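Asker: Encoded as structure tokens, here's the structure I'll be asking about.
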Amino acid sequence: MDLFASLGTVAVAAFITMIVCFVAVPTILGICRFLGFYVIVEERQCLVYVLFGKIRLVLDEPGLHFPLATDLSWRAFFVNAFGDVRTVDLRLDQEYLRSQPVNSEEGAPMGIGVWYEMWISDPVAYMFKNADPRGSLRANVGNATVRNLSNMKLSAMLEERHTMSTMVRNEVSDKSKEWGYSLGTVYVRKVHFRDANMISQIEEKVVNRLRQVTSAIRQDGTNQVNLITSTAERQAAVEFAKAAAMRPFIVGSALNTIAQDKEVSEVMFEILENQRMLEGNVNVTLIPPDLRGDNLTQYLTVNQATSGGPTATANIPAPPPAIPASDS
């Protein structure tokens with residue numbers, strides 16, 4: 001029985017603790033916040049207390065604050081009931097303005113895209129000095145872009161982005177502070193042509209220029225190939241000519257060496273003569289040495305040469321005399 005009683009007591013205590021932690025404590029803290037006993041300011045946030053049309057307190061430091069200990073004092077009990085606590089976001093913000101119309105010095109219609117950063121530096125001026133401070137800042141950035149960047153040279157407009165960004169920022173910064181805005185970085189992100197006909201003309205010029213460059217590169221490559229080919233052919237012709245000139249020199253040197261020995265020279269020329277006759281497919285008439293002085297033989301040889309084609313006469317030695325057979 002004591003065990004069950006102890007368990008029951010623990011369960012009741014846990015239930016009461018849960019009710020106190022999840023219901024009573026948040027309710028009490030909510031009532032304290034409503035009555036103005038304390039307030040929590042988040043990072044990059046500002047609270048403006050307005051009571052009976054007057055600004056009573058501005059809290060822009062993050063952390064836990066007690067309005068009763070500030071200039072608001074006893075009025076903190078009535079702000080949530082009869083006044084207003086406005087929350088202002090102090091975080092960095094950014095915006096991009098597309099295609100602001102400007103004209104270059106040459107008269108080309110251009111469009112400029114401007115990207116800029118801003119944040120709220122004076123919450124009171126932001127809420128009460130301008131009904132639409134963000135829209136006014138946007139209009140001022142656009143007007144400053146058109147006013148400062150018009151009539152610039154087209155080359156400078158396409159290249160000097162940093163200079164143009166500085167010009168726009170210096171024009172807008174002083175005016176933006178009057179409405180509680182501080183202008184941060186201003187950057188010209190895009191510069192483009194607004195006229196479609198001009199864009200197509202520029203594209204045609206670029207395409208034609210690319211074709212010209214491609215044709216020039218191709219022609220230069222062809223010229224280089226032709227130059228290399230002609231140089232190689234010239235060098236080859238020179239080498240072949242040298243080789244053709246060396247052949248008679250080599251042959252002449254060999255013949256000169258052979259001519260020093262008369263017998264070898266006569267035998268070689270005779271062999272070459274016979275070889276040419278064999279290669280020429282001519283008719284050869286063999287005449288024995290003892291018949292070469294005969295008139296009839298010469299007459300027959302001449303008739304055969306004139307009627308039967310070319311004739312070549314070879315000096316054939318006479319056959320050796322027959323050896324008579326001995327009586328056995």
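The values are calculated or read from the model by the stated rules, or taken from the named source; none is laboratory data. Here the structure is a predicted model, which is why all the values come from computation and not from measurement. Positions of Cβ are backbone-derived with ideal geometry, glycine not excepted, and every protein chain shown enters the neighbour counts. Ligands, DNA and RNA are stripped out before the accessible areas are found, and what is left, the full protein with its side chains, is counted by its heavy atoms. Shrake-Rupley method; radii C 1.70, N 1.55, O 1.52, S 1.80 Å.
Asker: Could you tell me the accessible area of Arg86 in Å² (1.4 Å probe, neighbours in place), rounded to the nearest ten?
Answerer: Solvent-accessible area, nearest 10 Å²: 90 Å².
Asker: Please report, as a whole percent, how much of the solvent-accessible surface of region 58-99 comes from carbon and sulfur atoms (probe radius 1.4 Å).
Answerer: That share works out to 51 percent.
Asker: Can you pull the accessible area of Phe34 for me, 1.4 Å probe, Å² to the nearest 10?
Answerer: In the full protein context, Phe34 sits at about 110 Å².
Asker: Here is a further query. Report, by chain and number, residues whose modeled amide H sits under 5 Å from the one on Ser99, excluding near sequence neighbours (fewer than 5 apart, same chain).
Answerer: Here Ile112, Gly113, Val114 satisfy the definition.
Asker: Got a sec to turn the phi values of region 86-91 into Karplus ³J(HN,Hα) couplings, 6.51 cos²θ - 1.76 cosθ + 1.60 with θ = phi - 60°, whole Hz, x for Gly and Pro?
Answerer: 9, 9, 10, 8, 9, 6
Asker: If you don't mind, another one. Based on alpha-carbon centroids, what's the gap between region 212-242 and region 124-152 in Å, whole number please?
Answerer: Taking the Cα centre of each part, region 212-242 and region 124-152 sit 67 Å apart.
Asker: Now a separate question. List the lysines whose Cα lies under 28 Å from the Cα of Lys190, skipping any in the same chain that are fewer than 8 positions away.
Answerer: The qualifying lysines are Lys153, Lys175, Lys177, Lys205.
Asker: Next up: Mean separation of Cα pairs under 8 Å and 6+ residues apart, divided by the residue count of region 18-160: what relative contact order is that in percent?
Answerer: It rounds to 19 percent for region 18-160.
Asker: With all protein chains present, calculate the accessible area of Glu203 using a 1.4 Å probe and round the result to the nearest 10 Å².
Answerer: Answer for Glu203: close to 110 Å² accessible.
Asker: Probe of 1.4 angstrom, ligands and nucleic acids ignored: what's the accessible area per residue over region 12-132, in square angstrom? Walk me through the numbers on the way to the answer.
Answerer: Numbers: 7330 Å² over 121 residues.
With the other protein chains kept in place, region 12-132 gives 61 Å² per residue.
Asker: Kirkwood Rh, Cα Rg: Rg to Rh for region 1-158?
Answerer: Here Rg/Rh amounts to 1.33.
Asker: Set Lys and Arg Cβ to +1 and Asp and Glu Cβ to -1, take the dipole of region 1-118 about its Cα centre, and tell me which of Pro101, Val85, Leu68 lies farthest positive.
Answerer: Leu68
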